[in-house]
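To start, the structure under review is shown below, and the notes come after it.
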Amino acid sequence: TQLLEQSPQFLSIQEGENLTVYCNSSSVFSSLQWYRQEPGEGPVLLVTVVTGGEVKKLKRLTFQFGDARKDSSLHITAAQPGDTGLYLCKGTNAGKSTFGDGTTLTVKP
Amino acid sequence: EPEVTQTPSHQVTQMGQEVILRCVPISNHLYFYWYRQILGQKVEFLVSFYNNEISEKSEIFDDQFSVERPDGSNFTLKIRSTKLEDSAMYFCASKGPIQGVDQPQHFGDGTRLSIL
């Protein structure tokens, strides 16, 4: 069974602060996705990383895939209230996908 | 932008009844998935489906579950003899048509299933 540990589980910060969310596993993944989920809606894809050491940027969001493809991080610079939501990582290997537990981010104005 | 649609958005069913959850994947996608999310818990993989057969399934996907692509557009999840613990949000996702590890799965907004 592939497990993905996501931390922190909850994060509450002030507007303008930076934050990092971590996703760790003992398993190797062929790809890893980060999603954002709003209440009552399905997960919306933010990024996919597939190469060990890969770094992708999406405006103020920076995603990194670990060299061994077992871990990933999401860094948000100068967080805004609109960034509030549930952030999920999902690792995929051999056709099976595993979600992390999610990080609930609240950005206060 | 094309999207995955799921119906109904909320279904309430008596325990022991059968339910069918419906999904219309993005039209040119070839890979289909079902996930569930029990309230307050993580999203869990149930099953993947390609070329009219199950590709992978999790331990959760036991004999009470089945999937079908009855026509060219719908992808359904059937739960026979529902149990209270089947209450959850069920998400459908699709991917494709190009095979590759970096192809994203697109999710529907889910069906909330409540078993009484």
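Which residues, taken from the range B:65-94, are part of a strand (DSSP E or B) and among the small types (G, A, S)?
Taking the range B:65-94 and keeping what is part of a strand (DSSP E or B), we get B:65-68, B:75-79, B:88-94.
Listed by number, the residues that qualify are B:S66, B:A88, B:A93, B:S94.
Checking the condition of a type in the set (K, R) and at pLDDT 90 or above, which residue from B:K78, B:K42 passes?
Only one candidate passes the filter, namely B:K78.
Any idea which residue in the range B:64-116 is nearest to the other protein chains (Cβ to nearest Cβ), counting only those that are within 15 Å of the chain's Cα centre (by Cα) and acidic (D, E)?
B:D109
Mind checking which residues of the range B:17-32 are open to solvent by 40 Å² or more (accessible area, probe 1.4 Å) and within 19 Å of B:R112 (Cβ to Cβ)?
Selection gives B:Q17, B:E18, B:I20, B:R22, B:V24.
Please work out which residue is most open to solvent (accessible area, probe 1.4 Å), limiting yourself to the range A:32-84 and to residues that are within 18 Å of A:E5 (Cβ to Cβ) and of a type in the set (S, T, Y).
Step by step, filter the range A:32-84, then rank; the result is A:S73.
Mind listing whichever residues of the range B:1-42 are assigned to a strand (DSSP E or B), of a type outside the set (F, W, Y) and touching a Ser or Thr at 6+ places or on another chain (Cβ under 9 Å)?
Result: B:Q6, B:T7, B:H10, B:Q11, B:V12, B:T13, B:V19, B:I20, B:L21, B:R22, B:C23, B:V24.
Each row is one residue, and each column tells you yes or no for (1) among the acidic types (D, E); (2) farther than 26 Å from A:W34 by Cα; (3) free of Cβ contacts under 8 Å to residues at least 40 places away in the same chain.
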{"residue": "B:V19", "(1), (2), (3)": "no, yes, no"}
{"residue": "B:P25", "(1), (2), (3)": "no, no, no"}
{"residue": "B:R36", "(1), (2), (3)": "no, no, no"}
{"residue": "B:L39", "(1), (2), (3)": "no, no, no"}
{"residue": "B:V47", "(1), (2), (3)": "no, no, yes"}
{"residue": "B:D62", "(1), (2), (3)": "yes, yes, yes"}
{"residue": "B:R69", "(1), (2), (3)": "no, yes, yes"}
{"residue": "B:S73", "(1), (2), (3)": "no, yes, no"}
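If we scan the range A:12-22, do we find a residue that is among the charged types (D, E, K, R), under 20 Å from B:I38 (Cβ atoms) and over 10 Å from the mean Cα position of the chain (by Cα)?
No, the range A:12-22 contains no residue that is among the charged types (D, E, K, R), under 20 Å from B:I38 (Cβ atoms) and over 10 Å from the mean Cα position of the chain (by Cα).
Can you run down the residue pairs with Cβ atoms below 6 Å, 6 or more apart or on separate chains, where the first is in the range B:102-116 and more than 16 Å from B:K83 (Cβ to Cβ) and the partner is of a type in the set (D, E, K, R) and part of a strand (DSSP E or B)?
Once the first residue is more than 16 Å from B:K83 (Cβ to Cβ) and sits in the range B:102-116, its partners that are of a type in the set (D, E, K, R) and part of a strand (DSSP E or B) give B:Q103/B:K95; B:Q105/B:K95.
Working only within the range B:43-63, note down all residues that are of a type in the set (D, E, K, R) and either away from every other protein chain (no Cβ under 14 Å) or part of a strand (DSSP E or B) (or both).
Scanning the range B:43-63 gives B:E44, B:E53, B:E56, B:K57, B:D62, B:D63.
Hey, could you check the range A:85-109 for residues that are at the interface with chain B (Cβ under 8 Å from one of its Cβ atoms) and aliphatic (A, V, I, L, M) and say which is most open to solvent (accessible area, probe 1.4 Å)?
Checked the range A:85-109; the qualifying residue most open to solvent (accessible area, probe 1.4 Å) is A:A94.
Quick one: would you say B:S114 is among the polar types (S, T, N, Q) and closer than 20 Å to A:Q37 by Cβ?
Numbers: among the polar types (S, T, N, Q): yes; closer than 20 Å to A:Q37 by Cβ: yes.
Taking the combined requirement at face value, the residue satisfies it.
Looking at the structure I just gave you, is A:S27 among the polar types (S, T, N, Q) and surrounded by fewer than 18 Cβ atoms within 10 Å (Cβ to Cβ)?
yes
Evaluate the range A:55-69: report whether one residue or more is touching a Gly at 6+ places or on another chain (Cβ under 6 Å) and within 29 Å of B:L39 (Cβ to Cβ).
No: zero hits.
Filtering the range A:28-82 down to residues that are β-branched (V, I, T) and closer than 19 Å to B:Q103 by Cα, which residue is farthest from the other protein chains (Cβ to nearest Cβ)?
Step by step, filter the range A:28-82, then rank; the result is A:V55.
The values are calculated or read from the model by the stated rules, or taken from the named source; none is laboratory data. Worth saying up front: this structure is predicted, and the values here are computed from it rather than measured. All Cβ positions, even for glycine, are placed from backbone atoms using ideal geometry, and neighbour counts span all protein chains on display. Heads up: the accessible areas ignore ligands, DNA and RNA and are worked out on the full protein's heavy atoms, side chains in. Shrake-Rupley method; radii C 1.70, N 1.55, O 1.52, S 1.80 Å.
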